[in-house]
Structure formats: C-alpha cells, structure tokens
C-alpha cells in the first residue's frame, strides 16, 4: 500500500532538519529521507582512515572544481567546524554582472535577523573568549596585528569544547552542537519519521500532490511515497541533480537548475612560520577571523588541519620543492614542519558563482567551473593579503596546489544551484523557497542561496529554513 505523508523532506542537513522539526511541530505528518546513515558520539572515530571518511563525506570532482559534502543523518553539521556567522548586510545587496540584484527584493539581513536569533538559541551559538582559542589562533591574531590588521574571535555552536581537534570527523563528546542534538531529535519527538540510507531518485506530480521515488540503499528496493508537500534539502549538488532527473515530471522547471554554482570563495592556504610554535593540530579547528579585507571581497580565518588535508587534499609544498613533490623527501620535509611551524589560513569570499551541476548521458552527476575575473580577483587578493600577514612574522606563504598551480577550486560550501529569485527568468524558487510553477514543491538548502555569502553558510541556510517553514505551515492546504 502506498504510504501518504503531509510532507516528505529529502535530506536532513541545515535545511531539512530545521524544516522537519518545524513541520512536524505543526502536526504535519512528516517523512525525512536521508541517503546517509546515523552516527553519534559512540560511533564517531578520531581517525584519518579513508574508509571511515568515505562513509561520512560525499565527494564530487569535476572540471576545475572539487566539492565535499556531508552524507549522514544531520548532514554537514556532523562534520563542520561549528562556525555560526550571520551574513553581512552587504551580501544581500550584491548585484550580478548585469546589475541585477542577486537576492529577491523582499530579502535582506534585517528580515533574517529574527530567524538567525532562533537558530542561534537552538544551537547555543556564542562568541568565543580569547582564553578559549587554541594557540594557532593566537599566532594568527599576532600575525594580523603585526601586519596592522584587526582580528576577532569567531562565533561557534560549541559548548565546553574538549579541544581534541577532530571536529571534521564527528564530535565524540557531543560538545559541537550538531543537528543530531537539537532539530533532529525535536522532529522525531514530534512524530517525524527518518528513513536513513534511502536515496531520492525522482519527484513526480500526482493527484494528491507529489510522488517521491526513492531507493533503499541497504536492500536495493525501489519504493514510492505520496505526499502533499515536498521539501528538497539534499544540498547544492544533489538537489539540482534530483530536479534535473525529475524535470519531465514537473511543470516548466527553470533553466537555472544546476547553474550559478558558487564555491563561497573557499580556498585553503598554508604558512610556514619558523619563529613560532603554532601547534596546528591542537584545539578546536577554527577560532579566529579577520574582517579587515571584507571590502575586497573576502575574510581570512585561522584554521587547523589534519595531516591528510594538508598533504593529500591541498598538497602543500615549499616554494623550492623538487619533484616528486608529494612523496619521498619533500613530503617528509612538509610533515616535519607540520606540527610546530605550519599555520592554516582559510579564505571565504564572494566569488563569481562560476560553476554548474549537470547530468550526463549515463545519468551521472557532473560539475564544471569556469573561473571568472571576479573569482580570480578575489582569490589572488586573498593570497596577496595572506602573504603580507605571514611575512610580517618572518614567515613564508607556501604553495597549495589546487588554485595556485592548477586554477582549481575546492569547496565545502557549495551554494546557488537552485537559487531563489524574483521570477523564473532569474532563478528556480521564489523568496519562500517554492519552485516556480510547482505549488507545494520547495527547495531549502544551500542550493537556494542566490549568491556567495563570504562567511560560513550553515547559519544562513538554517535561518532561511526557519523562514520557509513558517510560510509552508501558514499556507498548508489539507
């Protein structure tokens, strides 16, 4: 017998978990489909084991771009650094190359503030004290000050951090306020059902609203569920892919689906500071930020990194390194300096949304990135400013291969591929996250965000989900 729910939510990250708690709290029968499995403090591991990391993360590699996202109940919240920042007011006033305002006219920071407050309260967000920052953040602040720039403490969703340094592999101590500690248990307490390891394949119109076709990844069985409302919250790669596969079953889907992929200006840099003991592997992953270069389109954050990220993902090397770079003597040279004298710098900025997600003839997800002058300008300025800061302490900015050598982008914060807009000619969904021409079909996740944010996006995605949920509840028709 075909099951029926008032609401089917696809994905359980910062969009889906918030919507699940709000809709189930409004007495709507709610089903959440999540392709990943459940994890908790008893199953998280403090390890760099590739097999374990591949269970938690989903990787997408395309032309000039690599994207890493969470694949678990709770989505990226299990793996993020817990940085919880409101997007600056100027973000909502951004215009594209044609002078069009990227956000809908009824969206701005003031409108989102009350929703930001709700999420901050739920996630116990607060600004860190200087005394809570790891040594590496003190060194980063010292370097900023030495170069004549300000540095501040970040706002995080962490309670009594144990400073183990494994934020990106899951918090074994339940100190990081992942969604499995708040919105998800609230949704289940309200009666929502979560089906883990179930991947949505298609969304179709039917007489009751929509039919969602999904695959149970454990059994391989294809199932269907009928519902009045569908909320797609599978992230900025999987959500557009699902919409593209479902296009022939929906009404006049916008041509913008999959386009306008932003990397949120993400770039990892590394510094060698021979006169400083940075202890890059100790303490919470991130705790400091400088907004001194916001007018240039980016922020810089001090960041710790596990060896696997430094050596394998970002492929750090010294400027005078000899081939082969990434094994043998040069790898030993980098890792010898890793513990004490290397400092990570995270760049987050306002890139040109130069990417695209599409489906090939074999139904595989494909990505590409065509670097615009806007993006190149932001990345190059960030490198120059980081070099200035590092050299003020007698250090050197090292080479991180992806951008500096190959022009590639690596991002943990993909955005914009089903962006909200004033009408279908500019985007996929309206300011309430409803798909143009398809009533009761919503997209609520990073893909809905119509521009790069220049700060970590989790809080903004959750705030948008709070706002969209209110609209869905108020306009729900039995």
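The table below gives the values:
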read-out	value
Close pairs from the range 202-217: first part of a strand (DSSP E or B), partner modelled with pLDDT under 95, Cβ under 9 Å, at least 6 apart	205/251; 211/2
Residue match in the range 230-241 (condition: out of contact with any strand residue (DSSP E or B) (no Cβ under 7 Å at 6 or more places or on another chain), assigned to a helix (DSSP H, G or I), surrounded by 24 or more Cβ atoms within 10 Å (Cβ to Cβ) and touching a residue at least 40 places away in the same chain (Cβ under 8 Å))	yes
Residue 368 surrounded by fewer than 17 Cβ atoms within 10 Å (Cβ to Cβ), within 21 Å of the chain's Cα centre (by Cα) and touching a residue at least 40 places away in the same chain (Cβ under 8 Å)	yes
Complete set of residues in the range 335-352 that are within 23 Å of residue 285 (Cα to Cα), outside any strand (DSSP E or B) and in contact (Cβ under 8 Å) with a residue 40 or more places away in the chain	337, 338, 339, 340, 341, 350
Selection within the range 263-298 - under 19 Å from residue 130 (Cα atoms), at pLDDT 95 or above and either surrounded by fewer than 24 Cβ atoms within 10 Å (Cβ to Cβ) or touching a helix residue (DSSP H, G or I) at 6+ places or on another chain (Cβ under 6 Å) (or both)	287, 288, 290, 291, 292
Residues of the range 167-184 satisfying the condition of being in a loop (DSSP other than H, G, I, E, B) and either buried (at least 18 other Cβ atoms within 10 Å of the Cβ) or in contact with a strand residue (DSSP E or B) (Cβ under 7 Å, 6 or more places away or on another chain) (or both)	170, 171, 175, 177, 178, 182
Among residues of the range 71-100, those that are at pLDDT 95 or above, closer than 19 Å to residue 452 by Cα and part of a strand (DSSP E or B), counted	1
Output for the range 342-377, where each listed residue is farther than 30 Å from residue 245 by Cα and either touching a helix residue (DSSP H, G or I) at 6+ places or on another chain (Cβ under 6 Å) or modelled with pLDDT of 90 or more (or both)	343, 344, 345, 346, 347, 348, 349, 373, 374, 376, 377
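The values are calculated or read from the model by the stated rules, or taken from the named source; none is laboratory data. Keep in mind it's a predicted model, so treat the numbers as computed, not measured. Here the Cβ is made from the backbone with ideal geometry for all residues, glycine too, and neighbour counts use every protein chain on show.
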